[in-house]
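*Asks:* Sending over a structure as structure tokens; questions will come in a sec.
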Amino acid sequence: MDGPMATREPSARLFQRWLEPTWQPDPPLPKTLAQLPPGARICDLGAGGRRLSPETRTVDVTPGPEVDVVADIHHVPLPDQSFELVVCTGTLNLCRDPGQVAKEMARLLVPGGWVHLEIGLFQPYLPEPEDYHRFTLPGLRLLFGQVGIEERRSGAHIGPMSALSTAALYLVADLLPGPAFWRRGLRGASHLAFGPLKYLDAALPQATREQGPFAYGIYFVGQKAP
């Protein structure tokens with residue numbers, strides 16, 4: 001890109017990240033992708049417009065330019081044992097029947113295939129269009145163990161300081177609703193005040209960040225029996 005936007009765009013992205021209430025010190029999804037062989041087939045449930053690789057089939061309930069299959073992920077119209085990895089991030093809490101979704105994930109996997117799941121724990125209520133569930137790591141082990149998927153690694157990918165930052169921002173928004181200029185100004189100021197708290201997760205010991213009781217989001221990586 002040429003012109004003034006070429007210099008403004010990186011700083012704009014940095015400013016946007018600064019205002020966002022959550023941050024991942026050590027994202028787990030790239031590690032899962034790195035363990036796959038070249039050309040591995042991936043199914044991304046609730047992809048939300050992203051494409052992880054050329055071999056990825058994206059599934060979402062909402063049509064879009066990067067959506068290959070428009071479907072409710074309780075019943076995915078794709079063949080059994082078609083993928084080496086099934087990914088589902090930020091979506092399971094929106095599903096009416098998580099057990100049925102776990103069954104679909106297991107059905108889609110080849111023997112020895114992998115599941116990568118990320119879900120909110122101390123995440124605010126976010127209806128898209130509805131928000132039904134929260135899971136602990138023991139809950140995810142139980143859920144996926146019932147469909148033949150054994151845990152390989154797990155932990156917190158968004159830490160407790162992100163949870164604190166988000167809670168503060170939502171509280172301010174609830175206390176100061178409406179279009180009045182001063183209310184909008186205070187809501188904006190709260191992002192500047194509380195948004196940077198998320199970066200303090202990097203200062204926490206890894207064990208505290210991953211095993212503490214107040215993580216914003218947790219992840220689970222499991223493998224289907226060969």
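*Asks:* Can you pull out the residues in region 165-200 that are among the aliphatic types (A, V, I, L, M), surrounded by 11 or more Cβ atoms within 10 Å (Cβ to Cβ) and more than 21 Å from PHE214 (Cβ to Cβ)?
*Replies:* So in region 165-200, the residues among the aliphatic types (A, V, I, L, M) come out as 167-169, 171-173, 175-176, 180, 186, 189, 192-193, 197, 200.
In the following step, the residues that additionally are surrounded by 11 or more Cβ atoms within 10 Å (Cβ to Cβ) were identified as 167-169, 171-173, 175-176, 186, 189, 193, 197, 200.
Correct list: LEU175, LEU176, LEU186, ALA189.
*Asks:* On to the next question. Among the residues of region 92-136, what is the count of those that are of a type outside the set (Ser, Thr, Tyr) and touching a residue at least 60 places away in the same chain (Cβ under 8 Å)? Give the steps one after another, and end with the answer.
*Replies:* To start, the set of residues in region 92-136 that are of a type outside the set (Ser, Thr, Tyr) comprises 92-124, 126-131, 133-135.
Filter again for touching a residue at least 60 places away in the same chain (Cβ under 8 Å), leaving 105-106, 108-123, 135.
The number of residues fulfilling the criteria is 19.
*Asks:* Search region 1-34 for residues being part of a loop (DSSP other than H, G, I, E, B) and either of a type in the set (Lys, Arg) or buried (at least 16 other Cβ atoms within 10 Å of the Cβ) (or both), and hand back the single one that is modelled with the lowest pLDDT. Step through it out loud before you land on a result.
*Replies:* Start the filter on region 1-34 by keeping residues that are part of a loop (DSSP other than H, G, I, E, B), which leaves 1-3, 20-28.
In the following step, the residues that additionally are either of a type in the set (Lys, Arg) or buried (at least 16 other Cβ atoms within 10 Å of the Cβ) (or both) were identified as 21-25, 28.
Details: PRO21: 75, THR22: 89, TRP23: 89, GLN24: 91, PRO25: 89, PRO28: 96.
Checking each candidate, the answer is PRO21.
*Asks:* Among (1) surrounded by fewer than 15 Cβ atoms within 10 Å (Cβ to Cβ); (2) touching a residue at least 40 places away in the same chain (Cβ under 8 Å); (3) under 14 Å from the mean Cα position of the chain (by Cα), which single condition is PRO37 missing?
*Replies:* (3)
*Asks:* Now a separate question. Kindly provide the set of residues from region 130-164 that are exposed (fewer than 15 other Cβ atoms within 10 Å of the Cβ) and in a strand (DSSP E or B), ordered by number.
*Replies:* GLU150, ARG152, ARG153
*Asks:* Looking only at residues in region 40-50 that are of a type in the set (D, E, K, R) and either over 20 Å from the mean Cα position of the chain (by Cα) or in a loop (DSSP other than H, G, I, E, B) (or both), which one is farthest from GLY112 (Cα to Cα)?
*Replies:* ARG50
*Asks:* For a quick check of your reading of the model, give me the residue pairs whose first member lies in region 169-187 and is within 24 Å of LYS198 (Cβ to Cβ) and basic (Lys, Arg), whose second is at pLDDT 90 or above and assigned to a helix (DSSP H, G or I), with beta-carbon atoms closer than 9 Å and at least 6 apart or on different chains.
*Replies:* Note: pairs meeting the criteria are ARG187/LEU169; ARG187/VAL172; ARG187/ALA173.
The values are calculated or read from the model by the stated rules, or taken from the named source; none is laboratory data. Note that the structure is predicted; figures quoted are calculated from it, not measured. Here the Cβ is made from the backbone with ideal geometry for all residues, glycine too, and neighbour counts use every protein chain on show.
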